[in-house]
Amino acid sequence: MRTTYCGLVSEALLGQTVTLMGWAHRRRDHGGVIFVDLRDREGIVQIVCDPDRPEMFATAEDVRGEFCLKVTGRVRARPAGTDNPNLTSGKVEVLAHTLEVLNPSLTPPFALDDDNLSETTRLTHRVLDLRRPAMQKNLLLRYRVAMEVRRYLDEQGFVDIETPMLTKSTPEGARDYLVPSRVHDGTFFALPQSPQLFKQLLMVAGFDRYYQITKCFRDEDLRADRQPEFTQIDLETSFLDEQEIRAITEGMVRRVFSHGLGVELPPFAVLTHAEAMAQYGSDKPDLRVRLQFTELTDLMRDVDFKVFSGPATTPGGRVAALCVPGGAEMSRGEIDGYTEFVKIYGARGLAWIKVNDVARGRDGLQSPIVKNLHDAALQQLLARTGARSGDLIFFGADRAKVVNDALGALRAKIGHSEFGRARGLFDDRWAPLWVVDFPMFERDDDSGRWVAVHHPFTAPKDGHEALMDSDPAACLAKAYDMVLNGWEIGGGSVRIHRAEVQRKVFDALNIGAEEAQLKFGFLLDALQYGAPPHGGLAFGLDRLVTLMTGAESIRDVIAFPKTQRAQCLLTGAPSAVDEAQLRELHIRLRNPPKAA
């Protein structure tokens with residue numbers, strides 16, 4: 001029915017007759033000549049409707065925005081001085097011979113070129129929102145990324161294998177979405193948080209290189225980079241070590257950027273988890289921000305300032321500094337604003353020192369806290385931070401997690417601010433990073449029990465097995481995350497493939513044999529039949545494409561996303577179901593939803 005896409009009409013088609021189909025993006029009546037910008041997924045072309053063809057021209061007079069049209073006409077060069085360099089079709093136009101309205105449109109609730117729409121409006125009218133060129137561009141890039149992933153993994157010998165959507169509820173770090181079984185009264189399936197257990201079973205089954213691009217489900221609080229259902233690029237391999245798995249997956253991401261964006265990523269930095277937390281307070285630091293922490297815990301143990309000495313002498317406490325070059329020019333109001341900002345992350349305040357003249361020592365420093373620090377501490381403080389005249393030093397002093405969260409967020413906020421960019425504290429570039437050697441375990445704040453940092457199937461570093469009994473906090477894992485511009489885009493690990501090591505991990509997590517068999521029995525049984533060494537990694541496709549498009553939220557790269565309240569405004573999901581359906585599932589609601 002059509003010969004090409006609107007957005008692909010170019011000088012190569014000059015003089016040819018084309019048939020195009022799409023939507024009226026804009027209509028302009030220039031005193032006897034009507035111009036229609038015809039749009040499809042590939043872009044826009046200008047249609048010229050001349051009154052010399054009365055029947056066609058009469059139809060064009062009735063055309064309005066978002067009418068679905070069919071146009072046949074001749075491609076010709078635009079008049080001199082009317083080129084549009086932003087369009088593939090910018091040097092040509094189509095002189096219409098025939099114009100047919102395939103379907104008229106109601107007046108849309110918003111203009112498709114309006115960049116100030118609320119998200120509620122966009123998600124309520126998502127079908128129209130998806131017609132906008134920016135959204136079409138995002139979803140077409142997502143498609144190209146997925147295709148490049150498939151091509152690359154196919155070349156590397158990976159096999160695409162589906163795993164179940166209805167499975168057993170297992171503890172994997174977030175709440176499960178449960179699906180009641182009609183056939184087995186009182187029992188439930190769970191939607192998978194990830195294919196973790198099944199992909200390990202596939203390794204035991206002998207499929208040594210597996211992947212799939214699959215949906216995962218987690219019932220957790222949402223934010224800009226989370227959705228209740230999200231898409232993973234999931235892969236697992238046998239007989240490869242940590243470095244080999246990282247090399248394969250790094251090659252995949254390089255391929256995606258090269259073929260999808262025409263971008264050659266720079267070398268990947270590598271930081272241990274301990275280094276990342278010490279220097280940036282985050283296991284996914286944005287390396288574009290040129291600010292780092294300075295460790296002061298040992299220095300502040302003997303100062304009179306209890307705000308510093310208290311955390312410095314308390315197990316699990318930390319005192320750290322963030323030196324901001326040129327920050328002394330910040331006003332007291334700006335500093336107070338940052339003080340309120342860090343309170344979001346649990347900090348009780350934000351101590352600071354302005355370094356007006358470093359050569360004058362104590363007399364060149366401006367701050368309410370200077371009088372509480374002895375000369376040796378001040379001297380060492382300036383030496384460690386490398387502070388110069390005109391700099392500003394912020395401090396974090398609390399439990400290590402609070403310091404890391406608060407100062408880490410402050411570092412990113414200052415770096416991304418107009419001040420940070422003007423001062424050269426931010427490099428506008430792609431900054432990929434591997435974070436490796438994660439801890440195996442961490443303390444749960446509520447129960448005090450050890451919990452797995454990644455998941456309980458992650459293998460310990462060689463030689464660390466004994467630490468699971470004697471010193472779990474010191475035990476490191478063969479775990480690794482890929483980070484890009486402050487976003488974790490992928491994470492994985494080498495898995496435990498020997499049943500005795502898996503039992504030691506369960507012992508450290510206080511998971512007894514009976515509980516382990518109940519929750520993970522099918523995996524533990526499989527490991528006894530010659531399970532190979534294996535490991536893998538899962539990428540968040542939504543996050544990856546969000547970064548590549550420069551979108552502010554992963555909702556802008558998902559066709560039909562949920563809101564932050566886990567609702568679909570387009571369809572009205574979730575919604576109540578009728579009593580008959582509930583009876584079939586043997587379910588009675590304690591608090592039925594009120595009728596709208």
Item to check | Among the candidates Asp113, Asp29, Asp83, residue that is among the acidic types (Asp, Glu) and touching a Gly at 6+ places or on another chain (Cβ under 8 Å) | outcome: Asp83
Checklist entry - In the stretch 370-404, what residues are under 17 Å from Thr314 (Cβ atoms) and in a helix (DSSP H, G or I)? => result Ala400, Lys401, Val402, Val403, Asn404
Checklist outcome for this item: Selection over the stretch 38-53 where residues are crowded, with 21+ Cβ neighbours inside 10 Å and either at negative phi or not in a strand (DSSP E or B) (or both) yields a count of 7
Checklist outcome for this item: Checked against (1) open to solvent by 60 Å² or more (accessible area, probe 1.4 Å); (2) assigned to a helix (DSSP H, G or I); (3) touching a His at 6+ places or on another chain (Cβ under 7 Å), Glu148 satisfies every condition except (1)
Checklist entry - Quick one: in the stretch 345-369, which of the residues that are open to solvent by 20 Å² or more (accessible area, probe 1.4 Å), in contact with a helix residue (DSSP H, G or I) (Cβ under 9 Å, 6 or more places away or on another chain) and in a helix (DSSP H, G or I) is farthest from Val307 (Cα to Cα)? => result Val358
Next on the checklist: Being buried (at least 19 other Cβ atoms within 10 Å of the Cβ) and either of a type outside the set (Lys, Arg) or more than 21 Å from the chain's Cα centre (by Cα) (or both): is that true of Ile213 here?
Outcome noted: no
Next on the checklist: Given the options Leu106, Leu130, name the one that is of a type outside the set (Ser, Thr, Tyr) and open to solvent by less than 40 Å² (accessible area, probe 1.4 Å).
Outcome noted: Leu130
Checklist entry - Somewhere in the stretch 108-125, is a residue assigned to a helix (DSSP H, G or I), in contact with a helix residue (DSSP H, G or I) (Cβ under 6 Å, 6 or more places away or on another chain) and among the basic types (Lys, Arg)? => result yes
Checklist outcome for this item: Residue hits (the stretch 536-569; outside any loop (DSSP other than H, G, I, E, B) and either without any contact (Cβ under 8 Å) to a residue 40 or more places away in the chain or more than 23 Å from Glu250 (Cβ to Cβ) (or both)) are Arg555, Asp556, Cys568
Checklist entry - Of the conditions (1) open to solvent by 20 Å² or more (accessible area, probe 1.4 Å); (2) in contact with a strand residue (DSSP E or B) (Cβ under 9 Å, 6 or more places away or on another chain), Glu500 fails just one. Which one is it? => result (2)
Checklist outcome for this item: Exactly one of Arg76, Arg53, Arg64 is within 45 Å of the chain's Cα centre (by Cα) and more than 30 Å from Phe110 (Cβ to Cβ), and that residue is Arg76
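The values are calculated or read from the model by the stated rules, or taken from the named source; none is laboratory data. Computed from a prediction, not measured in an experiment: that's the story for all the values here. As a convention, Cβ positions derive from the backbone with ideal geometry for all residues, glycine included, and neighbour counts pool all protein chains shown. Just so you know, the surface numbers come from the protein's heavy atoms only, side chains and all, with ligands and any DNA or RNA stripped out. Shrake-Rupley method; radii C 1.70, N 1.55, O 1.52, S 1.80 Å.
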